[in-house]
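Comments concern the structure below.
The values are calculated or read from the model by the stated rules, or taken from the named source; none is laboratory data. On a predicted model such as this, the values are computed, not experimentally measured, just so you know. Reconstructed Cβ throughout: ideal geometry from the backbone, glycine too, with neighbour counts over all protein chains shown. Accessible surface areas use protein heavy atoms only, side chains included; no ligands, DNA or RNA. Shrake-Rupley method; radii C 1.70, N 1.55, O 1.52, S 1.80 Å.
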Amino acid sequence: MKVVMLQTDISWAKPEENIRHAQQLMDEMPDGDLYVLPEMWSTGFVTQPEGIASDEVNDKALSWMCQTAQERKCAISGSLAVKASDGTFRNRHYFMDGRAGETYYYDKHHLFTYGGENSYYTPGQQHTIVNYMGFRLLLQTCYDLRFPCWSRYADKLEYDAIICVANWPSSRQSAWQLLIRARAIENQCYMIGVNRVGDDQRCHYIGASAVIDVTGRTVAQCRRGNPQALMCDIQMEELRRRREKFRVLDDRD
């Protein structure tokens, strides 16, 4: 499967501008099977969503994800700040499968208390695993990365890759580098970690989006500090071979 990381510089609360930027990066890599955008890619990391997050049914970025995935016959993944039908605000990680015409989502479970996200958003309570092109893909969002029990490969949580979308600041970049590898190694899976670049009102971001394999090896990594579309190929056969040869998951707790 050809995975394209879309490491974007997000303009604060300007969905139309961020959609154009995402479109331009996608056009640089037109042959991808799966395109992954950062967390809250259409607005930036909005901790106070009132007046910025739109109703889910009217969200321009969500409509663009759906339409573009269908037109290109690909999948697009990334999170948006939205107001759900029940009136609650959600940091919702969408996965648009344009080949099957299906929409999936995961609501971020671990809200970022340190940044005040928990004061305005409602956490999700369910995992989401998407089946796409022979891969089982676990959706996660940013702060979830710090909590290994939530993503632990188990009998009722079997998957082949984690997609973690993030707004992970440069001040904590060492943790990003370590944790994306740890989650891949301990769960014997691919990790697709896509982070943003640029600045918002609080933080500076350098990206370092990466795809990591089951051994912790970097398959591909975006440049630090610059927007970039980067494609790499992940192989289900290789994943199966490594899991069968070194059967760590058989001894899991």
Solvent-accessible surface (1.4 angstrom probe) belonging to LEU62, in square angstrom, nearest 10 = 20 Å²
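In debye, nearest 20, what is the charge dipole magnitude of the chain about its Cα centre with +1 on Lys and Arg Cβ and -1 on Asp and Glu Cβ, if you could check?
On the way: 30 positive and 33 negative charges, 130 e Å.
I would put it at about 620 debye.
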Putting +1 on Lys and Arg Cβ atoms and -1 on Asp and Glu Cβ atoms, find which of PRO227, GLN23, TYR190 reaches farthest to the positive end of the dipole of the chain.
-> TYR190
Specify the angular offset, from 0 to 90 degrees and rounded to the nearest 10, of the alpha carbon long axis of helix 15-28 from the longest principal axis of the alpha carbons in the chain.
-> 40 degrees
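Heavy atoms only, probe 1.4 angstrom, no DNA, RNA or ligands counted: give me GLU50, GLU56 ranked by accessible area, highest first.
Result, largest first: GLU50, GLU56.
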Once the principal axes of the Cα atoms of region 111-253 are found, what is the range along each, listed largest first in whole angstroms?
-> 47, 33, 26
Please check which bits of region 94-126 a label hung off LYS2 would reach, taking the label as a point 7 Å along Cα-to-C-beta and the cut-off as backbone N under 18 Å.
-> 97-100
Dmax and Rg, reported as Rg then Dmax, of the chain (C-alpha, Å) | 16.7, 53
Farthest toward positive dipole pole in region 1-129 [+1 Lys/Arg, -1 Asp/Glu at C-beta], among ALA61, HIS109, SER77 | HIS109
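May I ask for the Rg/Rh ratio of region 1-106, computed from Cα atoms with Rh as the Kirkwood radius, given to two decimals? Mind dumping the intermediate values first?
Working: Rg = 12.9 Å, Rh = 13.6 Å.
Taking Rh as the inverse mean 1/r over Cα pairs, Rg/Rh reads 0.95.
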Gap in Å between the Cα centre of region 142-213 and the Cα centre of region 61-75?
-> 24 Å
State which entries of LYS2/LYS83; LYS73/LYS156; LYS60/LYS83; LYS14/LYS60 exceed 21 angstrom in Cα-Cα distance in the structure shown.
-> LYS2/LYS83; LYS73/LYS156
Histogram of C-alpha separations across region 145-189, 5 Å bin width, % | 5, 21, 33, 22, 12, 5, 2, 0
For region 118-182, the charge dipole (Cβ of Lys, Arg +1; Cβ of Asp, Glu -1; about the Cα centre) points to a positive end, and the Cα of TYR153, PHE135, ALA175 closest to that extreme belongs to ALA175
Work out Dmax and Rg for region 189-248 from the C-alpha atoms and quote the Rg first, both in angstrom.
-> 14.6, 48
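Round to a whole number: what % of the accessible area of the chain belongs to carbon and sulfur, probe 1.4 Å? List each step's numbers first, then the result.
Numbers: 5180 of 10920 Å².
Ligands and nucleic acids excluded, carbon and sulfur reach 47 percent.
Report the semi-axes of the equivalent ellipsoid for region 57-191 in whole Å, largest first, where each axis is √(5λ) for an eigenvalue λ of the Cα gyration tensor. It would help to have the intermediate numbers written out before the result.
Working: eigenvalues 105, 83, 38 Å².
They are 23, 20, 14 Å, listed from largest to smallest.
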If the chain between HIS204 and ASP55 were fully extended at 0.36 nm per residue, the gain over the current Cα-Cα distance would be 50.8 nm
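After finding the eigenvalues of the alpha carbon gyration tensor for region 95-153, what semi-axes result from the square roots of 5 times each, listed largest first in whole Å?
Values: eigenvalues 122, 40, 12 Å².
Value: 25, 14, 8 Å, ordered largest first.
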